[in-house]
1. For the condition under 19 Å from A239 (Cα atoms), surrounded by fewer than 21 Cβ atoms within 10 Å (Cβ to Cβ), touching a residue at least 60 places away in the same chain (Cβ under 8 Å) and in contact with a helix residue (DSSP H, G or I) (Cβ under 8 Å, 6 or more places away or on another chain), what is the one hit in F7, F3, F15?
2. Going through the stretch 200-228 one residue at a time, which ones are under 18 Å from A173 (Cβ atoms), at pLDDT 75 or above and not acidic (D, E)?
3. Working only within the stretch 208-223, note down all residues that are touching a residue at least 24 places away in the same chain (Cβ under 8 Å) and surrounded by fewer than 23 Cβ atoms within 10 Å (Cβ to Cβ).
4. Looking only at the stretch 13-51, count every residue that is under 21 Å from F192 (Cα atoms) and either modelled with pLDDT under 80 or in a helix (DSSP H, G or I) (or both) and tell me the total.
5. If H219 meets every condition in (1) more than 17 Å from the chain's Cα centre (by Cα); (2) of a type outside the set (A, V, I, L, M); (3) closer than 21 Å to I157 by Cβ apart from one, which number is that one?
6. Can you name every one of the helices (runs of 4 or more DSSP H) wholly within the stretch 167-230 that holds 1 or more residues which are closer than 17 Å to I30 by Cβ and aliphatic (A, V, I, L, M)?
Amino acid sequence: MDFSILFTGFLITLFAGFISQLAGGGGAMITIPLLILLGVPPQVAIGSNKTSAFGNISSLYSYAKKKHVHWNWVIPLSAISLVAGWFGARFTLRTDPALIKHIISFLLLALLPLLLLKKTWGTEHLQKKRWKKSVGVFFYTVAAGMQAAFSTGLGIISTYILVTFFGWTLLNANGTRRIPVFVSTILVFVLFLLAGAVNWSLAIGIFFGQSLGSYFGAHVAIKKGNEFVKIFFVILVVASAVKLLL
């Protein structure tokens, strides 16, 4: 085991995990580019970073304690994420990732007017009609599949869908997403592992870094509230879109 690689993965995801909890997603936008810049092959960076989802589960306690988890939606969203993750991984093999990244970047930029003009977005729990939630389930399925396949930038899309179509706050969306993402990542991680695209030293460092970063990030996010989280969400939306366009 290479402890220098393990420590590098730990430090990167300690920071990324903290920021991800403040912004409602997007930690992979920090982790994967940095790993690639350090010389890690892209496939190995993505595969090893899948353990960050296992580390993310540490933040669930903080969200559940403050009642920011919609438990009645955990099983349905987990089932959707599992099936979507399988198809998303298969879709990756047949689609140019560069094309997908450009599509995602334009979607992220298209979200900005709503985020900035609608002051209550993500800060208040709203009642939504059943048909709107049904539309949200469809879009969440697509986003979950793409997140399992491409990782970067798609956690933010999933958060946006849960807030817009389900009427949840940013803290509700971030808390409830923990288990569905964990479930789908198990399947996708195994696929990367079988393909030899996981560096165990790096993966272990990422797991522990993400565990600590997510726990403390969730604590700060809950303490500061939805309005504070929304600021970080908007910043990361812009940063994610710009990074994907480059």
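1. Matching residue, one of F7, F3, F15: F15.
2. If the condition is that a residue be under 18 Å from A173 (Cβ atoms), at pLDDT 75 or above and not acidic (D, E), then S214, G217, A218, H219, V220, A221, I222, K223, K224, G225, F228 are the ones that fit.
3. Start the filter on the stretch 208-223 by keeping residues that are touching a residue at least 24 places away in the same chain (Cβ under 8 Å), which leaves 208-222.
F208, S211, L212, Y215, F216, H219, V220, I222, listed by residue number.
4. Initially, the stretch 13-51 is screened for residues under 21 Å from F192 (Cα atoms), giving 13, 26-51.
Of the ones still in play, those that are also either modelled with pLDDT under 80 or in a helix (DSSP H, G or I) (or both) are 13, 26-37, 42-49, 51.
Of the residues in that region, 22 qualify.
5. (3)
6. Fully inside the stretch 167-230 and qualifying: 178-194, 200-224.
The values are calculated or read from the model by the stated rules, or taken from the named source; none is laboratory data. Bear in mind that the values here come from a model prediction, so they are computed numbers and not experimental data. Every residue, glycine as well, gets a Cβ built from its backbone with ideal geometry; the counts of neighbours run over all protein chains shown.
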